[in-house]
Amino acid sequence: MDVTLHYRPHQSNLPHLMKITQHLLTEFPTRPLPTFKPWFSCNGTFLKPAKAPPLISSKEADHISQLYITQEPVSVPGNNDWIMNLPEFCPMVKWKQKQEILRALSADYAHSVDEDSKSTKGLLRRAWSVSAPRGGLVKTNGTLSKELSSTLERLNLHCLHRAKWIIDDFNCNGKSLEEIWSVLSRAVRHNELPTCNAKIQPEVSQIWVFCDVLCSEYVGRLLKEMLNLNGQINLTVHRHGVICRM
């Protein structure tokens, strides 16, 4: 057995290291490997199955192949009896008549689609979201009021923590929530509200405007002025609730 000894440069006492290595090697138990003994007898015979494989004669093989051929489905081209009575596939119909039939079918389909869209127009209530484009950041003063600063210190929140302004339907000053949303989404896309993205929730009749806490008061004043909101809007933070009202 070959042993490789690695030592540090400051350990210059090589005979002492050799003795330690020999002492460590003697503690390992050594035993001879057992000789290999196969689990079957090696008297020159090989393993064989208990039963011989089945034998199939040539006649039986031909009979089985004939059975497979007869069981396969036979498809005859052009055997579509269900389309023979349709005028589109009738050879006696002229080209103009075919065009008239297709035009009538397309008109019926368009009418049915219009009726379906009218019936489901009032049932579609989804939540839309809008985000500011990447790039052009809007410069703000980045100052907070004393009340909001003390609230951040008490809750141990960073100034770049995300907060949410909630606009309810009673803040819309006689306008519908969709009208407020159209103005707000245009402002967010044009990057007029710094660090903002917004989402409308028609199920709860609210609009959520997300922004950094650092710009929250600036964004709140812009929302009140731009959207002509009345009443108070609440600034909330996840797990802390309302931290500011404006």
Out of region 212-231, which residues are touching a residue at least 40 places away in the same chain (Cβ under 8 Å) and within 17 Å of Arg186 (Cβ to Cβ)?
-> Val219, Leu223, Met226, Leu227, Asn228, Leu229
Tally the residues that are exposed (fewer than 15 other Cβ atoms within 10 Å of the Cβ), in contact with a strand residue (DSSP E or B) (Cβ under 9 Å, 6 or more places away or on another chain) and polar (S, T, N, Q), restricting the search to region 212-231.
-> 0
Restricted to region 8-63, and to residues that are of a type in the set (Val, Ile, Thr) and at pLDDT 80 or above, which residue is surrounded by the most Cβ atoms within 10 Å (Cβ to Cβ)?
-> Thr21
Residues being open to solvent by 80 Å² or more (accessible area, probe 1.4 Å) and under 16 Å from Tyr218 (Cα atoms) - total across region 144-169 = 4
Go through region 143-227 and tell me which helices (runs of 4 or more DSSP H), entirely inside it, have 3 or more residues that are within 33 Å of the chain's Cα centre (by Cα) and of a type in the set (A, V, I, L, M).
-> 177-189
Counting just the residues of region 177-211 that are touching a residue at least 40 places away in the same chain (Cβ under 8 Å) and of a type in the set (S, T, N, Q), which one comes out surrounded by the most Cβ atoms within 10 Å (Cβ to Cβ)?
-> Thr195
Top-ranked residue in region 124-136 [being out of contact with any Ser or Thr (no Cβ under 8 Å at 6 or more places or on another chain) and in a loop (DSSP other than H, G, I, E, B); ranked as modelled with the highest pLDDT] | Pro133
Kindly indicate whether any position in region 142-159 is more than 30 Å from Pro202 (Cβ to Cβ) and modelled with pLDDT under 80.
-> yes
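The values are calculated or read from the model by the stated rules, or taken from the named source; none is laboratory data. The shown structure was predicted, so the numbers you read here are calculated from the model rather than taken from an experiment. No Cβ is skipped: glycine too gets one built from the backbone with ideal geometry, and neighbour counts run over all protein chains shown. Accessible surface areas use protein heavy atoms only, side chains included; no ligands, DNA or RNA. Shrake-Rupley method; radii C 1.70, N 1.55, O 1.52, S 1.80 Å.
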